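Have a look at the structure below, then the notes.
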Amino acid sequence: MIENHIPYIKGVFDPVCKVEYLPADQITHEAVADADALIVRTRTKCNRALLDGSNVRIVATATIGTDHIDLDYCCENGIEVVNVAGCNAPAVAQYVLSSVLRLKGGDVNGLTLGIVGVGHVGSIVARWARSIGMNVLLNDPPRAKAESNETFTDLADITREADVITFHTPMTREGEFPTFHLADTTFFNSLEKNPIIINSARGPITDTEAWITAIDNGKAPIAVVDCWENEPAVNRRLLDRAIIATPHIAGYSDAGKRRATLGVIKAVASYFGVDTEITVDLQSIPDVADKVTPEMLLGSYDPFIDTVALKSAPDRFEKLRDNYKLRTEPITRS
């Protein structure tokens, strides 16, 4: 069973098995009962309520994150879980830096960018930000602990020094370094330079009420929101205050979607030991640019177009997302 809004996948598995394509809201317990595999996105909650008693042996999500999947349940019940780490990282970097450039009039030289979470996405954001003249501070407690080097800094340094702060962590509630409401009242009150705050990671990383208060009192006057708590029901007060507000599409580039689709196809085909015919669309995915220029970023994406669309019709959050025109990532010209 395949969620029907995943691009470039239709027809790939049809020659080797029976395939059913359904919208996320129709992927129910009854619908998946006889399915051997699920290929989904973040809107399908893969948990006991969906999977218990089904034939599902593998869940492949065409996304970076897995917080919509009950990993413990799947592990306990022998269900393989596959995600596509890094597939849309360049697109998110494009979104973040294009937004900052537009908010700063195209000149970010010398500004300090604080990156919270330095995985696939944060690493590209850092590399591209340096290439357009920004100073970069990196915060990633799990990596800092594991790598024991001086690359990383404390969150306190970022709240003190950064002109822009962008989040790129997974959403976790437990463990040594939980990220749920990482940006809370204490975080916002500690900001010293009234920075731009960007959430293009997961909605619950930022405490919505605390963020609204910080906007209103001038601690964080410029909000860029792509990921929202309680999606698709966006908080209208935060929506009204956000300068850039988009329907969780930061990672929605054509190349990113192709990387994601190719990743889940290969994983599912390998799991079942079947051969699939990769379509032409999936055979030539552009390399990620080593560096970018402000002109490349500004010419490749304008977040204010998507902001107007969402602010004009917030109830259409899901439709705007599902029918989004995939954009082109900035690429290095030879």
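Summarising the amide proton neighbourhood of T153: residues at separation of 5 or more, or on other chains, whose placed amide H is nearer than 5 Å comprise L138, N139, D140. Annotation: amide H-H contacts under 5 Å for I58 (H modelled 1.01 Å from N, sequence separation of 5 or more, or interchain): L38, E80.
Using θ = phi - 60° in the Karplus curve 6.51 cos²θ - 1.76 cosθ + 1.60, the 3J(HN,Hα) couplings for segment 62-67 round to 7, 9, 6, x, 10, 6 Hz; x is entered for Gly and Pro. Computed over segment 179-334, the convex hull of the alpha-carbon atoms projects to a mean area of 12.0 nm². Taking every alpha-carbon pair under 8 Å whose residues sit at least 6 apart, the chain reaches a relative contact order of 18 percent. Anisotropy class assigned to the chain is prolate, per the alpha carbon gyration tensor with a/c at or over the 1.5 cut-off and a/b larger than b/c. Peptides 84-91, 142-149 ranked from most to least packed, by the mean per-residue count of other Cβ atoms within 10 Å: 84-91, 142-149. For G133, no residue has an amide H sitting under 5 Å from its own, ignoring neighbours fewer than 5 places away on the same chain, with H placed 1.01 Å from N. Look at the dipole of the chain built from charges on Cβ: of L22, I39, V125, the Cα furthest out on the positive end belongs to V125. For the chain, the antiparallel share of DSSP beta bridges with both residues in that region comes to about 0%.
Here segment 306-325 and segment 1-71 have alpha carbon centers that stand 24 Å from each other. Helices assigned as whole DSSP H runs in the chain whose Cα atoms extend at least 18 Å along their own long axis and whose mean Kyte-Doolittle hydropathy is 0.0 or higher are found at 89-103, 254-272. Restricting to Cα pairs below 8 Å that are 6+ residues apart, what does the relative contact order work out to for segment 233-334? Please round to a whole percent. Result for segment 233-334 is 49 percent.
Our coupling estimate for segment 316-331, obtained by passing each phi through the Karplus curve with A = 6.51, B = -1.76, C = 1.60 and θ = phi - 60°, is 9, 3, 5, 5, 4, 6, 5, 10, 5, 7, 4, 8, 8, 6, x, 10 Hz, Gly and Pro reported as x.
Take D70: with every protein chain present and a 1.4 Å probe, its accessible area is about 60 Å².
Applied to segment 221-226, the Karplus parametrisation 6.51 cos²θ - 1.76 cosθ + 1.60 on θ = phi - 60° returns per-residue 3J(HN,Hα) values of x, 10, 10, 10, 10, 10 Hz, with x for Gly and Pro. Report summary: the helix-based calculation at 222 nm, which adds -39500 (n - 2.57) for every DSSP H run with n ≥ 4 and divides by the residues of the chain, gives -9500 deg cm²/dmol. Applying Stokes-Einstein at 10 °C and 1.306 mPa s to the Kirkwood radius of segment 94-248, computed over alpha-carbon pairs, gives a translational diffusion coefficient of 103 µm² s⁻¹.
Dipole check for the chain: with +1 at the C-beta of Lys and Arg, -1 at the C-beta of Asp and Glu, and the Cα centre as origin, the magnitude is about 840 Debye. Cross-linked pairs K104/K193; K18/K325; K257/K325; K45/K319; K45/K145; K18/K45: Cα-Cα separations exceed 20 Å for K18/K325; K45/K145; K18/K45.
The values are calculated or read from the model by the stated rules, or taken from the named source; none is laboratory data. Every value quoted in this text rests on a predicted model; they were computed, and no experiment measured them. Heads up, the Cβs are rebuilt from the backbone with ideal geometry, glycines too, and the neighbour counts pull from every protein chain shown. Ligands, DNA and RNA are excluded from the accessible area calculation, which covers all protein heavy atoms including side chains. Shrake-Rupley method; radii C 1.70, N 1.55, O 1.52, S 1.80 Å.
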